[in-house]
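Notes for the one structure printed next.
Nothing in this text is a laboratory measurement; each read-out follows from the coordinates by a stated rule. Note that the structure is predicted; figures quoted are calculated from it, not measured. Positions of Cβ are backbone-derived with ideal geometry, glycine not excepted, and every protein chain shown enters the neighbour counts.
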Number of protein chains: 2
Amino acid sequence: MSLTGAQALARTLAAAGIRVCFTNPGTSEIHLLSALDRTPEIRAVLTLFEGVATGAADGYARMASRPAATVLHLGPGLGNGLANLHNARRAMVPLVNIVGDHATTHVRHDAPLQSDIETAARNVSAWIRTSRAAIELPGDGAEAVAAATVPPGAIATLIVPADVAWEVGAEPAALRPPATAPTAGEEPVRAAAAALRRAGARAGILLGGDALRERALLAASRAATVTGARLLCEMFPARAQRGAGLPAVERLAYWPELASRQLGELDEVVLAGARAPVTFFGYPDTPASLLPPGCVQHQLAPPGTDALASLEALADELDAGATGAVLQQSDLPEAPSGELTAAAACRAIARCLPEGAIVSDEAITSGLMLPATTAGAPRHDWLTLTGGAIGQGLPVAVGAAIACPDRPVLALEADGSAMYTFQALWTMVREQLNVTIVLFSNRSYGILRVELARLGVRQGPVSRAQLSLAEPEIDFVSLAAGLGVPARRVRTAETLTRELRRALSEEGPHLIEAVVPAPEHPPAAAPERPPAPAPERPPAPPG
Amino acid sequence: MSLTGAQALARTLAAAGIRVCFTNPGTSEIHLLSALDRTPEIRAVLTLFEGVATGAADGYARMASRPAATVLHLGPGLGNGLANLHNARRAMVPLVNIVGDHATTHVRHDAPLQSDIETAARNVSAWIRTSRAAIELPGDGAEAVAAATVPPGAIATLIVPADVAWEVGAEPAALRPPATAPTAGEEPVRAAAAALRRAGARAGILLGGDALRERALLAASRAATVTGARLLCEMFPARAQRGAGLPAVERLAYWPELASRQLGELDEVVLAGARAPVTFFGYPDTPASLLPPGCVQHQLAPPGTDALASLEALADELDAGATGAVLQQSDLPEAPSGELTAAAACRAIARCLPEGAIVSDEAITSGLMLPATTAGAPRHDWLTLTGGAIGQGLPVAVGAAIACPDRPVLALEADGSAMYTFQALWTMVREQLNVTIVLFSNRSYGILRVELARLGVRQGPVSRAQLSLAEPEIDFVSLAAGLGVPARRVRTAETLTRELRRALSEEGPHLIEAVVPAPEHPPAAAPERPPAPAPERPPAPPG
């Protein structure tokens, strides 16, 4: 066989289970594209901006539990993808970046696109390699997939010089056996069990990562029910399974005041797939830890270990085998009516949420009530902004829709955050993805207005203008139409409900611009609380 | 005085001559915004995406010859700005990034937005510092400006932890005296003069950087005229002054075949403000150097030295004092008519170009004829894609329009490249900038189609689809309207001419979507050639 490096790489990636490749290619990647012509197992999905490619690979991995690849154009292409790679790193998903580079012979000429790609990749990548020869490239690809799939998942960045891609003489490489997550062991189980027994209702189990999947949730709920402990969820989960029929879990609020209140009565906290909770930002005179002073932490299953095994062992250790998990009952909020507010929109969304929906949530301040309003909605998956780099919601929706073509995807966006990666809509049309976007348009960087008020900073004309998106107003209906997405603007709860039902019932992408007032003050809303117990239903297979 | 670190920094930047700050802020930068409330000397210009902020700072610096600042939000915000910072680094402009970071006390908690900002800044920055205390911050700011303004100009990145910004007790810092460009000395002048005398018409003077400003052009032209040497311009100049009444300079073509032909008859080449020319990418069986074998290079004035002084010394050394520079005569192409093609559009643009226009050129394949068609247009400045990271043209137009509010700005864009930083239009409306955008819509990544054909790579269904922007077609008129920019679509040369004249005559931004066919094959067009000599006019003051 006489393959180019690129062809042998593509064959190797396909054999290693890569099924999707999100691209924004350039001249250096032409031979990689050409190799994909001969690799029908890998679907190449074009994006108009690299941040869409990397965010889509993140969303795909969250839902498919396997890596997608990206194809990016040298250092600046990787640069454009970094913000969503930051989010993907925080989501701890597997992801393989293929970054084209100048031919090895061209580097010394310092041509205009020359840059140090390894340095650009450093912040986000657990594994980085610049391939040196066509015959080594397939093996490098196999190692990249192996590195990306070490639990819980990581970003591997493989840099492919153009001549390494175009030279011939390569063969597909042997694959590495996939790594499995180790268990954290028995001692943490015993310590956690003792803590839960000791503290009763003054204990909490804080779940994150894979511990937010169904079987782990059921085990955690049994442990909580038998001891009286509270079930909590990290602030920004990569993927939380939730809704009616699953154990209800109280998600930590973003605002330190609210999160501290949620955790304020805990003497002991057991962490499973989660790290100890801290404030998102540092603030003057506010402690970073959200746990009350003296609260004892127990790490049951750090990220990367088998949280399901540890939680099931914990339930066994607590003799909770016969105890039923507390399952969320079906419970929808009242139908909202009248002029649209963020809170009313959150109720309308809860009432329209279809069974099996995947929600990509980047609604920021407008979505503060969503955890509460959707708690009793039909069972769904909730994907959040794991790394705080806004511009992630629309790309993640792209990737989730490609991973799960039979499930409806709801992207809940804010106007500010939508504008970072709005190019995602074009890919939604091109791939005919069933994504419904509700875009909360409050004509401001609402969260910064709240933060400014919280910090007691006096607003002058400059800072006021810097947080306003009102001049000019962005017409998202026109923007969406420009990229081929049918769109409507709504200003009442009734029209939002109607348009949302219509969009969800039709094929392909839709956008609803939901015009809502901007927030002015710190939110006073109570965080989501666990519902009343209900009988357990038999666990469904993990989704 | 009891100022916060941020306030003292803002005062220092203002005193150091910073007049504009392009922002995309977040929570960590709230105190910086608040400080701008008290610093009326600095105009804060909000962008919806960091790549717009950094590209605008580049465009501003090219036209104002002084740095603008950016305000960016932690590592991911800097990440989004990296591609255009890469271009700015290649443009060798002065630029000061202010990147907010977590409070110093918050770093150890590894909160979601934590990343290593210094590493993210490394590729693009000549100077990087993380400020450690409020009392040090103003001094750090003064050093950042000083580092950015070392000739020819560089990027300085100052990282400002939130607590360093909010703590009080700081005072404005003393300023560093600005650096001036050294001269390269007399020996290179003598060597260059000897080379030009020796080789006559087989010599070339390749100009770049500051050597493309009026006075340097006139000196170079005198040296060329007296010796018979050819005047050439680097492939992607940051800013070239050109048009009727200025010396005509032949710009190197992008395609290696054409550039090699342009340089093929040279025995000696004198470089002034430019580096030795190489191909943009490395290709199989194509040498990287564009100079013919045996061609002798003479570096008269490397970037960062005073190219004007060296070129004037060269003219003196050649006794060219009394020799007239060869000036471009006014010379417009024939009026195009009928169905629009890229070539016809280039002629229409040349015919409409107003005196004093600033052209931000990212038209890629559609603009290949522009150097030739506009050579005899009224005097103007031409700004190009210095680093090859597409998505630079619209942001650079923003910055140029803010630097030169009394001059018309023409942004020549391609559909592919426009989609990376289309958010720039919102800032154009907000700031009411006189920018006219001609957007060549050929529904493809045209340059990649040509590169694919050049490389002899067989196109299959995947690579063909990956280079097509036709499904769905992007409606740029609708996109522009979504951001508040009035727009028209044109399909004939006559309507382009009419709409371009109308847009240029009205205040504020406009967009014209020029639908043109996609390129299929390597271009055969001849590069721009120097025109016939014309009498010199007295040099105007440097612009």
Exposure proxy order (Cβ contacts within 10 Å, fewest to most) of A:119, B:23: A:119, B:23
Sequence of B:360, B:444 once ranked by neighbouring C-beta atoms within 10 Å, starting from the fewest: B:444, B:360
Lys/Arg +1, Asp/Glu -1 at C-beta; chain A dipole; positive extreme among A:519, A:472, A:34: A:519
Cα principal axis extents for chain B, largest first, Å: 65, 59, 47
Dipole of the range B:91-168, positive end: most advanced residue of B:131, B:154, B:113 [Cβ charges, Cα centre]: B:154
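One quarter of the convex hull surface, Cα atoms only: what value does that give for the range B:186-317 in nm²?
Mean orientational projected area (the range B:186-317, Cα hull): 7.4 nm².
Can you give me the relative contact order of chain B as a percent, contacts being Cα pairs under 8 Å and 6 or more apart?
With pairs under 8 Å counted, the relative contact order is 15 percent.
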Relative contact order of the range A:93-150, defined on C-alpha pairs under 8 angstrom at six or more residues apart (%): 49
Residue order, fewest to most beta carbons within 10 Å, for B:458, A:488, A:197, A:242: B:458, A:197, A:488, A:242
Cα centre as origin, Lys/Arg/Asp/Glu Cβ charges: chain B dipole, Debye: 640
Helix A:307-317 vs. chain A, principal-axis angle (Cα, 0 to 90°, nearest 10): 30
Interchain or long-range residues, amide H under 5 Å from residue B:328's placed H: B:245, B:246, B:248
Cα-based helix-to-principal-axis angle, B:137-148 vs chain B, degrees rounded to 10: 10
Kirkwood hydrodynamic radius (C-alpha pairs) into Stokes-Einstein, the protein assembly as shown, 25 °C and 0.890 mPa s, D in µm²/s: 82
Alpha-carbon Debye profile of the range B:30-74, log10 I(q)/I(0) at 0.14, 0.32 Å⁻¹: -0.36, -1.19
Extension gain, residue A:65 back to residue A:506 (0.36 nm per residue minus Cα-Cα distance, nm): 156.0 nm
Nearest-ten-degree value, helix B:214-227 long axis tilted from longest Cα axis of chain B: 30
Of B:4, B:22, B:169, farthest towards positive along the dipole that unit charges on Lys, Arg, Asp, Glu beta carbons give the range B:3-170: B:22
Centroid-to-centroid separation of the range B:11-39 and the range A:107-137 [C-alpha atoms, Å]: 35
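For Cα pairs less than 8 Å apart in space and 6+ apart in sequence, what is the mean separation divided by the residue count of the range B:342-515, i.e. the relative contact order in percent? Don't skip to the answer; put the middle values down first.
Values: 319 pairs, mean separation 40.9, N = 174.
Over the range B:342-515, the number comes to 23 percent.
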All-pairs Cα distance distribution in the range A:1-84, expressed in whole percent, bin size 10 Å: 19, 50, 28, 2
Value of [θ]222 nm, deg cm²/dmol, for chain B, DSSP H segments ≥ 4, -39500 (n - 2.57) each, nearest 500: -10500 deg cm²/dmol
Cα pair distances exceeding 22 angstrom across the range A:204-278, given as percent: 15
Rounded to 5, percent antiparallel among DSSP beta bridges of the range A:309-434: 10
Within the range A:186-317: Cβ-based charge dipole about Cα centre, in debye rounded to nearest 20 (Lys, Arg +1; Asp, Glu -1): 260
Within-13-Å neighbourhood charge of residue B:139 [Cβ basis; K, R +1; D, E -1]: 0
Shape parameters for the range B:3-170, alpha-carbon atoms, Rg then Dmax in Å: 14.0, 43
When the convex hull of its Cα atoms is projected in every direction, mean area for the range B:259-347 (nm²): 9.8
Electrostatic dipole magnitude of the range A:3-170 [Cβ: Lys, Arg +1; Asp, Glu -1; Cα centre; debye, to 20]: 540
20 Å cut-off, amide nitrogen to a point 7 angstrom out along residue A:43 Cα→Cβ, residues in the range A:53-89: A:53-72
Other copies of residue A:110: label-to-label distances in nm, shortest first, labels 7 Å along the beta-carbon direction: 3.7
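Hey, could you grab the Kirkwood Rh for the range B:342-515? Inverse mean 1/r over distinct alpha carbon pairs, Å, one decimal. Display every interim value, and only then the final one.
On the way: mean 1/r = 0.0618 Å⁻¹.
Computed over the range B:342-515, the radius equals 16.2 Å.
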